[in-house]
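Participant: Quick one: structure below, then a few questions.
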Amino acid sequence: MKGYHIAVVGATGAVGAELLGVIERRNFSVASLRAIGSARSSGKSVRFHNDSILLEELTDRSFDKIDVAFFSAGGEISRKYVPIACQADAIAIDNSSVFRMEPHVPLVIPEINAEDVRGHRGLIANPNCTAAIALMAIYPLHRVFSVRRVFGASYQAVSGSGARAINELRQQVEDASQNREMRSQIYPHPIAFNVLPHVDSFLENGYTKEEMKFQNEGRKIMHLPEFRASLTCVRVPVYRAHSVAVSAEFERPVPVEQAREVLAKAPGIELVDEPQSNRYPMPLSVAEKDNCQVGRVRVDCAFENGLSFWVSGDQLLKGAALNAVQIAELL
Ligand code: A2P
């Protein structure tokens, strides 16, 4: 077969646009590409390999003769159309959280649990972006020192909430500079010049859904049912790339030099840790990069066998589009 027939649902969105870019850049073998959006996009087109591809409106027939369907149009679209794609014998790679915790659905970060794709039944889930970026650093350490629990806080970019949130921040920055009132539609408060300890909706236990995804998805991806994680997820006025401050406790003592060696050798992540020269990971340095970065590695002064560090990664890439295409490559 010469290449795969691909569908991208949500091709006009923040993640969808990256998907097209990653498929192109990695020379994923494509026989045809169907770019799918809502009726709002009819008549518009997207660029792919120097071609202009007309957007198609999502329908029940969108997956006929499709081999691989990437979904990045939100949970409701995935809930309804992933089963339709599977029915049409396409393999769905879903960026939403709808199916991630279903036992028969592999939830995969190729650097960590690539072998889990083997049992798939036509659907593979792409992990939560913050979880994916933090696990890129936690997992290699876990393999050597056995992680027990994690405390942390995330610093999440607005592009994680989609293209409209990027515009909201841009508009608010402009409004503030002109002394105009800042208006919020995506977030409950202005995000410009502010931080919101609020990502996703609140649960009865006081955490947000986003915060609990880290523990739940971490357990599934690392095959570690006892893993515990308490996170505070924070939206910050950054356009692109998430960061996570992590304090992790391990079963075994963690000599800091050995931890640095482990991180320096781990796939998909770079050690950037020269604080005396002001070198540490930052959103601006990882934006549009495939690799995540880890730094500020130090012995945690509050945990036994603890290590603290800071990890940044482009959540549109490793947290979404890149990871999804890597999954497709595994297939
Ligand atoms: P469209 O632009 O055609 O409305 P983001 O995550 O950046 O907000 O993007 C959301 C993506 O999901 C967009 O590509 C959007 O397409 C797509 N989308 C939203 N609602 C629908 C729908 N009802 N049918 C198909 N695609 C949808």
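Participant: Which residues' amide hydrogens lie under 5 Å from the amide hydrogen of Ser45, considering only partners 5 or more residues apart or on another chain, with H built in the peptide plane?
Facilitator: Result for Ser45 returns Leu55.
Participant: A further question on this structure: Quick one: which residues, 5+ away or cross-chain, put their amide H under 5 Å from the amide H of Arg235? H built at 1.01 Å from N.
Facilitator: Counting only residues 5 or more places away or on other chains, the set is Gln156, Leu196, His198.
Participant: Relative contact order, percent, of the chain when contacts are C-alpha pairs under 8 Å separated by at least 6 residues?
Facilitator: This gives 18 percent for the chain.
Participant: Select from Gln293, Gln87, Gln156 the residue whose mean-square fluctuation is largest in a Gaussian network model of the chain (Cα-Cα springs shorter than 10 Å).
Facilitator: Gln87
Participant: Test of understanding: ordering Lys2, Lys289 by Cβ neighbours within 10 Å, fewest first, what list do you get?
Facilitator: Lys2, Lys289
Participant: Sticking with this one: For segment 225-331, what is the per residue volume of the convex hull drawn over the alpha-carbon atoms, in cubic angstrom?
Facilitator: Taking the convex hull of the Cα positions in segment 225-331, it is 140 Å³ per residue.
Participant: Segment 1-48: D in µm²/s via Stokes-Einstein (Kirkwood Rh, Cα pairs, 20 °C, 1.002 mPa s)?
Facilitator: 192 µm²/s
Participant: Can you give the net charge of the other residues whose Cβ lies under 13 Å from the Cβ of Arg260, counting K and R as +1 and D and E as -1?
Facilitator: Residues close to Arg260 contribute a combined charge of -2.
Participant: Read phi for every residue in segment 214-224 and hand back ³J(HN,Hα) as whole Hz from Karplus 6.51 cos²θ - 1.76 cosθ + 1.60, θ = phi - 60°, with x for Gly and Pro.
Facilitator: For segment 214-224, the Karplus-derived couplings read 4, 5, 5, 6, x, 4, 6, 5, 8, 6, 9 Hz, x marking Gly and Pro.
Participant: Out of Gly218, Gly74, Gly319, any idea which swings most in a Gaussian network model of the chain, alpha carbons joined below 10 Å?
Facilitator: Gly74
Participant: Whole-Hz Karplus ³J(HN,Hα) for segment 31-45, in order, using 6.51 cos²θ - 1.76 cosθ + 1.60 and θ = phi - 60°, x for Gly and Pro?
Facilitator: Working through the residues one at a time gives 8, 8, 10, 10, 9, 10, x, 8, 4, 4, 9, 5, x, 7, 9 Hz.
Participant: Only helical DSSP H runs with n ≥ 4 go in: add -39500 (n - 2.57) per run for the chain, normalise by residue count and round the 222 nm mean residue ellipticity to 500 deg cm²/dmol.
Facilitator: Per the formula, -9000 deg cm²/dmol.
Participant: Determine which aspartates and glutamates satisfy two conditions relative to Lys265: a Cα distance under 13 Å, and not lying fewer than 8 residues away in the same chain.
Facilitator: Glu111, Glu257
Participant: Under 8 Å for C-alpha pairs, at least 6 residues apart: give me the relative contact order for segment 131-315, rounded to a whole percent.
Facilitator: 29 percent
Participant: Here is a further query. Over all alpha-carbon pairs of segment 131-315, lay out the pair-distance distribution in 10 Å bins, whole %, shortest bin first.
Facilitator: 10, 35, 33, 17, 5, 0
Participant: Mind checking the angle between helix 129-145 and the chain's longest principal axis? C-alpha axes, 0 to 90 degrees, to the nearest 10.
Facilitator: 50 degrees
Participant: Could you compute the FRET efficiency for Ala153 and Lys2, with r as their C-beta to C-beta distance and R0 at 56 Å, rounded to 0.05?
Facilitator: Approximately 0.70, to the nearest 0.05.
Participant: What number results when the radius of gyration of the chain, computed over Cα atoms, is divided by 2.2 N^0.38 Å?
Facilitator: 1.00
Participant: A further question follows. Short version: ³J(HN,Hα) in whole Hz for each residue of segment 270-275, in order, from phi by Karplus 6.51 cos²θ - 1.76 cosθ + 1.60 (θ = phi - 60°), x for Gly and Pro, what are they?
Facilitator: Result, rounded to whole Hz: 10, 8, 10, 8, 10, x.
Participant: Among Glu111, Glu329, what is the fewest-to-most ranking by other Cβ atoms within 10 Å?
Facilitator: Lowest count first: Glu329, Glu111.
Participant: Using Cα pairs closer than 8 Å and at least 6 residues apart in sequence, work out the relative contact order for segment 1-154, in percent.
Facilitator: 17 percent
Participant: Longer than 29 Å from Cα to Cα, which of Lys2/Lys318; Lys44/Lys65; Lys65/Lys209; Lys44/Lys209 are they? Say none if no pair is.
Facilitator: Among Lys2/Lys318; Lys44/Lys65; Lys65/Lys209; Lys44/Lys209, the Cα-Cα distance tops 29 Å for Lys65/Lys209; Lys44/Lys209.
Participant: Can you put Ile66, Ile84, Ile109, Ile138 in order, fewest other beta carbons within 10 Å first?
Facilitator: By the 10 Å Cβ count, ascending, the order reads Ile84, Ile66, Ile109, Ile138.
Taken together, the values in this text are just the output of simple stated rules run on the coordinates, not laboratory data. The structure displayed is predicted, hence computed values, not measured ones. When we count neighbours, we look across all protein chains shown, and the Cβ atoms used for this are built from the backbone with ideal geometry, even at glycine.
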